[in-house]
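A.B. asks: First the structure, which I've put down as structure tokens, then a few questions once you've had a look.
The values are calculated or read from the model by the stated rules, or taken from the named source; none is laboratory data. A quick note: this is a predicted structure, and the numbers were derived from the prediction, not measured. For neighbour counting, all protein chains shown are included, and Cβ atoms are generated from backbone atoms with ideal geometry for every residue, glycine included.
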Amino acid sequence: MIEHIGGNPAANQSPWGSLFKTIVILRIGAGALLLTRHGWQAAQGAYDFLWKEQAWDWVKAFSDAGLPYPTLLAPTMAIIVAAVAVSWCLGFLTRLFAVVFMPVAIGVIAMAGPSYTEVGWLYMIISVTLLLYGSGAVSIDKLFRIGASWGQPKKKRW
């Protein structure tokens, strides 16, 4: 879809040549930022909380926000954030992980303070964009043609 803007859609385009004409820059950039700023620290904190039984500020924050089962919900959210970040960096099941991440972004918008509301909206916009356009030309989805036939009529085998 977006890969063919400004060019001939029938031409055989190299995925590396079309790198800057696709959604790939947004996907990899958002995934890398999500992983380095939130995902890695969240996964490390969840690991320390679960296996080393150390205190973790996410559990206190979830408890203060009035969310149910903060000791279960906080590690689950940390795992989701880390998995989404890795998925976006690799381009693996990008649309699925964009949908999975939307409740996290909505939760940040609704529950977090005003300093995190902007971050929540930015990640929400990125999730919607990746949901609509997919992973782009350079991704595992494109390599294995995951989701390539979605929305196309099925061919008859007769």
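A.B. asks: Quick one: which of 135, 87 is within 22 Å of residue 23 (Cβ to Cβ), part of a helix (DSSP H, G or I), in contact (Cβ under 8 Å) with a residue 12 or more places away in the chain and not charged (D, E, K, R)?
C.D. replies: So the residue among 135, 87 that is within 22 Å of residue 23 (Cβ to Cβ), part of a helix (DSSP H, G or I), in contact (Cβ under 8 Å) with a residue 12 or more places away in the chain and not charged (D, E, K, R) is 87.
A.B. asks: Checking the condition aliphatic (A, V, I, L, M), modelled with pLDDT under 90 and out of contact with any Cys (no Cβ under 6 Å at 6 or more places or on another chain), which residue from 82, 78, 110 passes?
C.D. replies: 110
A.B. asks: Can you find a residue that is loosely packed, with under 15 Cβ neighbours inside 10 Å and either among the aliphatic types (A, V, I, L, M) or closer than 19 Å to residue 124 by Cα (or both) anywhere in the stretch 33-49?
C.D. replies: Yes, because at least one residue in the stretch 33-49 is loosely packed, with under 15 Cβ neighbours inside 10 Å and either among the aliphatic types (A, V, I, L, M) or closer than 19 Å to residue 124 by Cα (or both).
A.B. asks: Moving on to the next point. Going residue by residue through the stretch 37-51, is there one that turns out to be among the hydrophobic types (A, V, I, L, M, F, W, C) and part of a loop (DSSP other than H, G, I, E, B)?
C.D. replies: No, the stretch 37-51 has no match at all.
A.B. asks: For the list (1) crowded, with 18+ Cβ neighbours inside 10 Å; (2) modelled with pLDDT under 90, I need the number of the one condition that residue 66 fails.
C.D. replies: Residue 66 satisfies every listed condition except (1).
A.B. asks: Same structure again: Restricting attention to the stretch 90-124, and to residues there that are over 13 Å from the mean Cα position of the chain (by Cα) and not in a helix (DSSP H, G or I), which single residue is nearest to residue 31 (Cα to Cα)?
C.D. replies: 112
A.B. asks: I'd like to verify a number: residues in the stretch 69-82 that are buried (at least 18 other Cβ atoms within 10 Å of the Cβ) and within 10 Å of the chain's Cα centre (by Cα), how many?
C.D. replies: Residues meeting the conditions: 2.
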